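Report on the structure given below.
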4 protein chains.
Amino acid sequence: MGKGRVEAFTDGVVAIIITIMVLELKVPHGEDFSALLPLWPVFSSYVLSFIFVGIYWNNLHNMFHAVQRVDGRVLWANLHLLFWLSLMPVSTAFMGENHFAPAPVAIYGIDLTLCAAAYWVLATQLHRLHAEDTAFAKALGDDRKGKFSLLLCVVGVLLSFVSPWLGLACYVAVAAIWLVPDRRFENQLE
Amino acid sequence: MGKGRVEAFTDGVVAIIITIMVLELKVPHGEDFSALLPLWPVFSSYVLSFIFVGIYWNNLHNMFHAVQRVDGRVLWANLHLLFWLSLMPVSTAFMGENHFAPAPVAIYGIDLTLCAAAYWVLATQLHRLHAEDTAFAKALGDDRKGKFSLLLCVVGVLLSFVSPWLGLACYVAVAAIWLVPDRRFENQLE
Amino acid sequence: MGKGRVEAFTDGVVAIIITIMVLELKVPHGEDFSALLPLWPVFSSYVLSFIFVGIYWNNLHNMFHAVQRVDGRVLWANLHLLFWLSLMPVSTAFMGENHFAPAPVAIYGIDLTLCAAAYWVLATQLHRLHAEDTAFAKALGDDRKGKFSLLLCVVGVLLSFVSPWLGLACYVAVAAIWLVPDRRFENQLE
Amino acid sequence: MGKGRVEAFTDGVVAIIITIMVLELKVPHGEDFSALLPLWPVFSSYVLSFIFVGIYWNNLHNMFHAVQRVDGRVLWANLHLLFWLSLMPVSTAFMGENHFAPAPVAIYGIDLTLCAAAYWVLATQLHRLHAEDTAFAKALGDDRKGKFSLLLCVVGVLLSFVSPWLGLACYVAVAAIWLVPDRRFENQLE
């Protein structure tokens, strides 16, 4: 089964998710610059989520680039990841509209955690189809980075109840470690 | 006429349908976990519909993979299927917002039935273009699974008036028999 | 300049237009079948517009299939067509929500007319790049069907002021003559 | 790393941005032509933004056509551009709904400026990967047009506080100089 259409469908869904998030940025009322001020929590949530969805697109891009085969279980593991990503617009708006209150920050982190877990499931399903000496398996390795960021998301969720800002700091840290481009797949392919 | 752009357009529309459904998941009011509780009927309807649209994408993916030719009538049979799929966000929200009342559950099932019927029409139109000894025709066979799930949708609609939960059970059963990956097309292509 | 990305972009925009139209179909209030009754004008407007956008997709599909070259002016002629198509969700909802009152039916027809005119401009720009003996030029011919349907749209707009149902009858007639698959491009390519 | 999927993803996001902008064009209340009159500021903002997003699509289309290599930094420079483009629907609606008041016109211009700056960053990142004698580097040249339009956007923002119409005149001028097709990349490729 070809990977081309899975890539195309995934790109399509991710492109739509990253774009419809902006629909939760309601047009401000008022015609002064001060009308923009109350938007800052929703806007900064949007920035954070835009970066996260961008990271997922980048990682999926790199991972599928190294992939040689997909099967039915991979398709569903991929749809499962897209499901949790599709909730990003709602969890982002929930966090932004409630000005980073503890429960919404925790919910946002739970969504991030489930995305990370679904990504791990997808990687595992792809690993099943690729022998240890393939570029894919070598590039993935033991995926310490993926496991560490999953852990950091869970810590962020728990810390949200101590202080939502600590939770957010964890999420930002996860984003930061992925923004540094992941060269594993690139290196293997060279 | 090439099948490539029909696949691309179909993937695009299905990707948009599966993603804009989330726009009906309104951001909850309140900043506690309890604010999420009233969302459960809309959320679980979303999960069910996400799975159904995912199944259609999977099946269309497999079917078009085996297809060699398309013509104008296939294009319209495909658009006809996309039409009923495009109503999924509305019928899903109607069912969820009314907490699985009988009529909305029946309406949802009618939409599912029309999708299944439209899929059958599309398969028939493609069958017309492919001789009995092609991979497509062999893989489709007499399509018992398609006919059975169409019947199960109709039964679900009728049972909704006895109890909406019986209707929902039928729809979940339809989803379950398709979640088991359909290996007909994969087997033929090997 | 390659036509591939123009096709892909056009397919993307048309896929989004045809799908976001459904967002104007507001989820009905109430949990009975009677809650669906007030939806009929919006729903039937949606059906008509879905068919029209489907026709444009089909026609663009066939036309670009025969095309060999595009240039900057073609890109803008194409964007110009997409602009008027992008107004279909608004003009459709305006017509449906006002229960086919004369002015909204005329506005809807004006949008259809501008789409048809923009399609004609696009065909003319493509004609400029293709000599008379190319498959494209032969398939397009003198485009009587395009000119006739443009005329029929204008007549529909004018008749809307006599009776909106006469206007609608013209629009339905335009859709009907295009639903019969346009075999010009297919024949030339065989 | 292949440029194909970056192009496809970019096309997808730009196609969605250009199309969801129309969702800010609310369906007018009333069934007379006079109901359309209050729409003119939102409608003309929509027209201007449609042209700008169309220009970006065109320019990205031409630029990526000449590109031979992309890397992780290019992906993020591209996402950064898509971020500011994704705010176009909101800044457009903010300007239109406030009938071209000074602050919203300035905000709109700031978004345009940031898009132009992000485009310049993307071009710089691509330049880094392409030697001076490649078609890409020759076509880009010293990019006077890009720098001039960036300057014109900044001037427009400042003039908005004198008179919003002067600001708008600058933005329209920027659009006008890009509507004339940019033949640099086309010429180099011939």
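Quick notes
- Cβ-defined net charge surrounding B:Met21, 14 Å radius [Lys, Arg +1; Asp, Glu -1]: -2
- Shape of the protein assembly as shown, Cα gyration tensor, a/c cut at 1.5: rounded
- Exposure proxy ranking, count of Cβ atoms within 10 Å, fewest first, for A:Asp111, B:Asp133: B:Asp133, A:Asp111
- Summary for C:Leu158: label point 7 Å along Cα→Cβ; distances to the equivalent points in the other copies, ascending, 5.5, 5.5, 7.7 nm.
- Along principal axes, Cα extents of segment A:47-190, largest first, whole Å: 47, 28, 22
- Highest-MSF residue in chain C out of C:Val157, C:Val14, C:Val105 [GNM, Cα springs under 10 Å]: C:Val14
- Selection among C:Leu129, B:Gly109, A:Pro102 by position relative to the dipole of the protein assembly as shown gives C:Leu129 as farthest towards the positive end (Cβ unit charges, Cα centre).
- Among C:Thr10, D:Thr134, the order by Cβ neighbours within 10 angstrom, fewest to most, reads D:Thr134, C:Thr10.
- Leading residue at positive end of dipole, the protein assembly as shown (Cβ point charges), from C:Leu37, D:Val74, A:Ala35: D:Val74
- Charge tally around D:Ala101: other residues with Cβ under 14 Å, Lys/Arg +1 each, Asp/Glu -1 each, net -3.
- Anisotropy class of segment D:112-168 from Cα gyration tensor, a/c 1.5 cut: prolate
- The lysines whose alpha-carbon is closer than 21 Å to the alpha-carbon of B:Lys138, local same-chain residues fewer than 8 away aside, are B:Lys3, B:Lys147.
- Given charges at beta-carbon only (K, R positive; D, E negative), |dipole| of chain B in Debye: 480
- Per-residue mean of C-beta atoms belonging to partner chains within 10 Å, peptide A:24-37: 5
- Span-like helix ranges in chain B, DSSP H, alpha carbon extent 20 angstrom or more, Kyte mean at least -0.5: B:4-20, B:40-66, B:72-86, B:102-129, B:144-160, B:164-179
- The same position C:His127 in the other copies lies at 4.4, 4.4, 6.2 nm from this copy, comparing label points 7 Å beyond Cα toward the beta-carbon, shortest first.
- Computed about the Cα centre, the dipole magnitude for the protein assembly as shown is approximately 1140 debye when only Lys and Arg (+1) and Asp and Glu (-1) carry charge, each at its Cβ.
- Ascending list, in nanometres, of distances separating the C:Leu36 label from those of the other copies (7 Å, Cα toward Cβ): 3.3, 3.3, 4.7
No lab work stands behind these numbers, since they all come straight from the coordinates. This one's a predicted model, so the numbers in the text were calculated from it and none came from an experiment. Using ideal geometry, Cβ is built from the backbone for each residue, glycine included, and neighbour counts are taken over all protein chains shown.
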